[in-house]
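The values are calculated or read from the model by the stated rules, or taken from the named source; none is laboratory data. Keep in mind that this is a model prediction, so the values were computed, not measured. Backbone-built Cβ (ideal geometry, glycine too); neighbour counts: all protein chains shown. The area values use the complete protein model at the heavy-atom level, side chains included, leaving out ligands, DNA and RNA. Shrake-Rupley method; radii C 1.70, N 1.55, O 1.52, S 1.80 Å.
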Amino acid sequence: MICPACRNPMIVVEYQQIELDYCVVCSGVWFDAGELELMLERLALEEKPSFPETEAGGKKRKCPICGRRMKQSLAGKSPEVVVDVCPAGHGLWFDGGEVVQLLPQYAATACGEGSPGRVLSFLGETFQASGEAGGGKP
């Protein structure tokens, strides 16, 4: 898959049947629709996150699957993160560091040493470098 931000090839990162496409250049992460749902199941979230559309004004990305221009949406509460959502429902794009910004918010709902805790730990360790590198939209 080609990165929608920097147009470089992405690698697949897999953990317990969750496959994420990760860009080693800009540290962005693509969640296919099914992958996001699987992760949310593993986190056992009581409240599923919504992604209301916003007019953030940043560069519009194209879906790496269908090529359609993605909508910018808000994720999380404090801080809110602008993510790119495929209008055809193929998935979501998180720029470098955005997954790490959202993890503490979801960890409050899914803490512990069970499966949700392991998934959060894996995601935090996998994408920690992107949060420290100060990724973001190029």
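Name the pairs whose Cβ atoms lie under 8 Å apart, with the first residue in region 74-96 and within 19 Å of Lys59 (Cα to Cα), the second among the aromatic types (Phe, Trp, Tyr) and assigned to a loop (DSSP other than H, G, I, E, B), and 6 or more positions between them or separate chains?
Sorted first by the residue in region 74-96, then by its partner, the pairs are Leu74/Phe51; Ala75/Phe51; Val83/Phe51; Val85/Phe51; Leu92/Phe51.
Taking only region 62-93 into account, find how many residues are part of a strand (DSSP E or B) and either open to solvent by 50 Å² or more (accessible area, probe 1.4 Å) or of a type in the set (Phe, Trp, Tyr) (or both).
4
Name every residue in region 58-100 that is of a type in the set (D, E, K, R) and more than 18 Å from Cys6 (Cβ to Cβ), in order of residue number.
If the condition is that a residue be of a type in the set (D, E, K, R) and more than 18 Å from Cys6 (Cβ to Cβ), then Arg68, Lys71, Lys77, Glu80 are the ones that fit.
Has region 111-126 got any residue that is part of a loop (DSSP other than H, G, I, E, B), modelled with pLDDT under 75, open to solvent by 10 Å² or more (accessible area, probe 1.4 Å) and in contact with a strand residue (DSSP E or B) (Cβ under 7 Å, 6 or more places away or on another chain)?
Checked region 111-126: no residue is part of a loop (DSSP other than H, G, I, E, B), modelled with pLDDT under 75, open to solvent by 10 Å² or more (accessible area, probe 1.4 Å) and in contact with a strand residue (DSSP E or B) (Cβ under 7 Å, 6 or more places away or on another chain).
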